[in-house]
Structures are given as C-alpha cells and as structure tokens.
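Every read-out reported here was derived from the displayed coordinates using simple, explicitly stated rules and does not represent laboratory data. All values reported here derive from a predicted model rather than from experimental measurement. Every residue, glycine among them, receives a Cβ derived from its backbone with ideal geometry; neighbour counts consider all protein chains shown.
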Amino acid sequence: MNVIANLCKHQQFKRTLADYRENLYRIAYSWCHNPALADDLVQEALAKALKNSSQLRDQKTIKAWLYRILSNCWRDHFRRSRDCVDVDDVVLVEQDTPDLKHDRNQIVQRVRDAIALLPMGQRQVISLVDLEGCSYIEVAQILDVPIGTVMSRLSRARKALKERLLAAELPGDSSVHRLRTAK
C-alpha cells in the first residue's frame with residue numbers, strides 16, 4: 001500500500017514540475033537571452049528538482065524552491081563557461097514588416113536591451129518580481145540575499161530602466177515618438 005501511495009505522490013510531483021516549466025523558461029530566458037541555454041537551464045533545474053524532491057519540506061514553497069534551483073543552475077553555468085555570443089545565434093529582425101508590428105517590436109527590443117544592460121543582480125530581481133510576480137521574500141530566498149538588497153536592486157533597476165526608456169526615441173511615420181511612462 002505504501003508503494004502505491006509513493007508512486008501516486010511521485011506522479012503528482014512530476015505534474016507539478018511540468019506546470020512550472022513555462023515560468024522557469026521565461027525567467028531563464030530573461031536572465032540569459034538565449035533560447036537554447038534557457039531550455040538547458042530549465043531542463044537541468046527540473047532534473048535536479050526531481051532528483052531532490054525529498055528536500056522540499058513544504059509544497060507551498062515549491063515556486064521559490066524551483067526558482068532557487070534555477071538560480072543555482074545559472075550560477076553553475078558561469079562557473080563552467082565564459083559568457084559569449086555566437087554570431088550564428090543572433091536573430092535579425094525583418095525590415096519589411098507592417099508599421100504597427102515594427103513599432104511594437106522596437107519597443108519590446110528596447111525594453112529587452114535595457115534589461116540586458118542592467119547588472120546581473122538587478123536583472124534577476126526585476127525579472128522575478130515584475131515578470132513572475134514573486135514577493136520580495138521569495139526573491140530574497142531564491143537569490144540567497146537579504147530582503148533589503150532585493151528592494152534596493154529592484155529600485156535601482158526600475159530607475160535605470162525608466163531613464164533608458166524615457167530617453168529612447170522611436171522612429172515613426174513622420175515624427176518622433178517618446179515613451180512617456182514606464183512601470
């Protein structure tokens with residue numbers, strides 16, 4: 001009877017991990033801006049989570065637990081290799097898209113570029129809080145830093161993004177558009 005209960009519990013845990021895969025990928029991609037690397041990091045994090053499922057003490061903290069594992073995998077990646085960009089992996093944006101799509105793509109790219117210019121600590125905090133909706137306490141646990149550090153990094157990151165985005169000029173049909181607010 002105990003074997004069947006453990007098997008059912010294991011299957012439920014695997015389903016829970018599958019539910020978080022997309023969120024983990026989104027965070028990993030926001031950290032590295034490389035789809036293949038983000039997928040590898042998520043795969044590694046999920047494998048570690050499955051292997052070490054007995055270490056999860058409270059199911060309510062699974063989100064922070066998984067993000068913490070992902071953060072450790074990201075740190076391990078830097079220990080194993082240097083950060084480099086392969087020219088073949090750079091995706092070129094098509095120039096002959098409709099104006100609306102083009103403007104939207106430029107805004108998205110400017111935000112991504114602005115985030116990519118942030119220091120890694122700020123990039124991690126802003127992606128966890130603003131993209132994933134994690135609480136400050138969860139982010140502090142995930143990144144293993146004090147909550148005050150989370151708040152100051154988030155404040156500096158938002159301020160830097162706001163300044164960069166407000167200064168960015170977007171080409172339009174015949175006039176120049178400026179971003180007026182950034183949250």
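Among Thr149, Thr61, what is the fewest-to-most ranking by other Cβ atoms within 10 Å? Don't skip to the answer; put the middle values down first.
Values: Thr149 16, Thr61 13.
So the residues, fewest neighbours to most, are Thr61, Thr149.
Over all distinct alpha-carbon pairs, what is the Kirkwood Rh of region 12-160 in angstrom?
Values: mean 1/r = 0.0601 Å⁻¹.
Averaging 1/r across every pair of different Cα atoms and inverting gives 16.6 Å.
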When Phe78, Phe13 are ordered from fewest to most other Cβ atoms inside 10 Å of their Cβ, what list results? Phe78, Phe13
Relative packing of 34-42, 103-111, 50-58, which averages over residues the other C-beta atoms within 10 Å, highest first: 34-42, 103-111, 50-58
